[in-house]
Amino acid sequence: MKIKDIETIAFKTTSKRRFSRWFGLVWGEEMEVTTTITKILTDEGFEGYMLGGDSEVNEKVIKPLLVGENPLDREKIWNWLEQICTTRSTLSERDLGIVDCALWDLLGRTVGLPVHKILGGCRDKVKAYASSADHIGKPEDYAKHALQCKKQGFKAYKVHAYVQWNPLKWEPAPLVPAFPKEDIEVCKAVREAIGDDMVLMLDPFGGYSFAEALWVGRELEKLGYYWLEHPMIETRIEAYRRLTRELEIAILSPEHVPGGVFSRAEWVIQGASDMLRIDYNYGGITGCYKLATICQAYGIQCEMHGGGWANIQILGAMPEVTCQYYERGHMAPDIDYDTPSPYLKAICDPVDSEGNVILPQKPGLGMEFNWDYIEDNKIEL
């Protein structure tokens, strides 16, 4: 079997998510956006898909390299692309991740199995935490939202408080300086509202100084929070080493450091965090699975960043002691998370009454596309 073509399918759809000034992720009125799908075709008629992809990168970098290659040689292809990411500016880790995921999807569709079963198979459901959107309101609004999630069955809730947002003026703001005191007020309100029988976490998205992160961590320890995620800019690895030594609460990082499995393996050696973080944007399923295996060997957790079709497959292939939670969100009051996008026939992460995400069981990544909708809204890039 040989790869005969790489296509980028682009179409118009709608979304309520957008990036505001200072790049904060916010919810707004529904607006038109462009979505892409990377499609890998073979000479035997098998195909693989992944959401995302840049048409220029696929055409000028990926296609010349992959056409004529065996799509089952994922490790060889992964190493080729990873080397380009490291030595050239023509390919990003996200580009690598999208291609790698599409190759895994192709394999699954070829053999008729979901990717998590091909990787070994460990779980068909995973504990989920409700991951709040940023600046959804005042502390009491977060408390109400956490209670709403608890009633839906979630056993854990993660706070994104005032990330790139000034809660005093109630307007967008730079990431630094952050508002640690106001963040802790949110954390206190959530704990008081839901009691002690729900796991809680905080993610300030790197906005704190070392002194602020240390103070916040100690306040969270008093409140019984489980982890403090990405509290400082992640290029300051010495600050992370010091913070991890000083605090009892688990430090979860790095989230956005480039280098995928290789840079994160260095964090293990440096003792710069208690848990590691990665997602398919940093090396695809192949890269994430490599890191999860390293974490398993060292007896530390690898918590997947974000949800989606690729990340959930890795979780299904690893035990809970290594990859404990699925991140569902970013969630906000009155936002529907259970209706699929119009270009998909189903969501990837339905939640049962016990707060577990049920893994897709269809071949590959599990995506079923609404091709009529895609064709009706197709555009040329």
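The values are calculated or read from the model by the stated rules, or taken from the named source; none is laboratory data. If you're wondering where the values come from, they're calculated on a predicted model, not measured in any experiment. Ideal geometry is used to build each Cβ from the backbone, glycine not excepted, and the neighbour counts take in all protein chains shown. In case anyone asks, the SASA skips ligands and DNA or RNA and just uses the protein heavy atoms, side chains included. Shrake-Rupley method; radii C 1.70, N 1.55, O 1.52, S 1.80 Å.
Structure notes:
- Gained length - residue 353 relative to residue 12, 0.36 nm times residue gap less alpha-carbon distance: 119.3 nm
- Rounded to the nearest 10 degrees, the angle from helix 93-111 to the longest Cα principal axis of the chain is 60 degrees.
- For the stretch 345-361, 3J(HN,Hα) per residue [Karplus equation, 6.51 cos²θ - 1.76 cosθ + 1.60, θ = phi - 60°, Hz, x = Gly/Pro]: 8, 7, 7, 8, 9, x, 10, 7, 5, 9, x, 9, 8, 8, 6, x, 10
- Solvent-accessible area of residue 210 with every protein chain in place, 1.4 Å probe, in Å² to the nearest 10: 50
- With a cut-off of 13 Å between beta carbons, the residues surrounding residue 257 carry a summed charge of -2, where Lys and Arg count +1 and Asp and Glu -1.
- Per the chain, cysteines lacking a partner by the 4.7 Å Cβ criterion: 85, 101, 122, 149, 187, 288, 323, 348
- Antiparallel bridges, percent of DSSP beta bridges restricted to the chain (to nearest 5): 55
- Heavy-atom accessible area with a 1.4 Å probe sorts 34, 110, 339, largest first, into 339, 34, 110.
- When the helices of the chain are scored as -39500 (n - 2.57) per DSSP H run of n ≥ 4 and the total is divided over every residue, the value at 222 nm lands at -10500 deg cm²/dmol.
- Accessible surface, the stretch 132-249, averaged per residue in Å² (probe 1.4 Å): 43
- All other residues whose Cβ lies under 13 angstrom from that of residue 60 are scored, Lys and Arg at +1 and Asp and Glu at -1, for a net of -2.
- When semi-axes √(5λ) of the Cα gyration tensor in Å is calculated for this entry, the matching label among (i) 34, 23, 20; (ii) 44, 30, 17; (iii) 35, 28, 19 is (i).
- To the nearest 10, the accessible area of residue 275 is 10 Å² with a 1.4 Å probe.
- Loop-located trypsin sites (Lys or Arg not before Pro) in the stretch 39-114 whose Cβ has at most 14 other Cβ within 10 Å (DSSP): 88
- Too-long pairs where the Cα-Cα distance tops 30 Å, listed order kept, from 12/127; 155/345; 60/290; 151/222: 12/127
- Shape call, the stretch 117-205: gyration tensor on alpha carbons, a/c limit 1.5: oblate
- Peptides 181-192, 344-355 ranked from most to least packed by the mean count of surrounding Cβ atoms within 10 Å: 181-192, 344-355.
- Annotation: amide H of residue 250 within the under-5 Å range of 228, sequence separation 5 or more or interchain, hydrogens built in the peptide plane.
- Per residue value of the accessible surface for the stretch 30-102 (all protein chains in place, 1.4 Å probe), Å²: 46
- Portion, in percent, of the accessible area of the chain that falls on carbon or sulfur, probe 1.4 Å: 51
- Karplus 3J(HN,Hα) series, Hz, for the stretch 195-208 with 6.51 cos²θ - 1.76 cosθ + 1.60 (x for Gly, Pro): x, 9, 9, 9, 6, 10, 9, 10, 10, x, 6, x, x, 8
- Solvent-accessible area per residue for the stretch 260-330 (1.4 angstrom probe, square angstrom): 28
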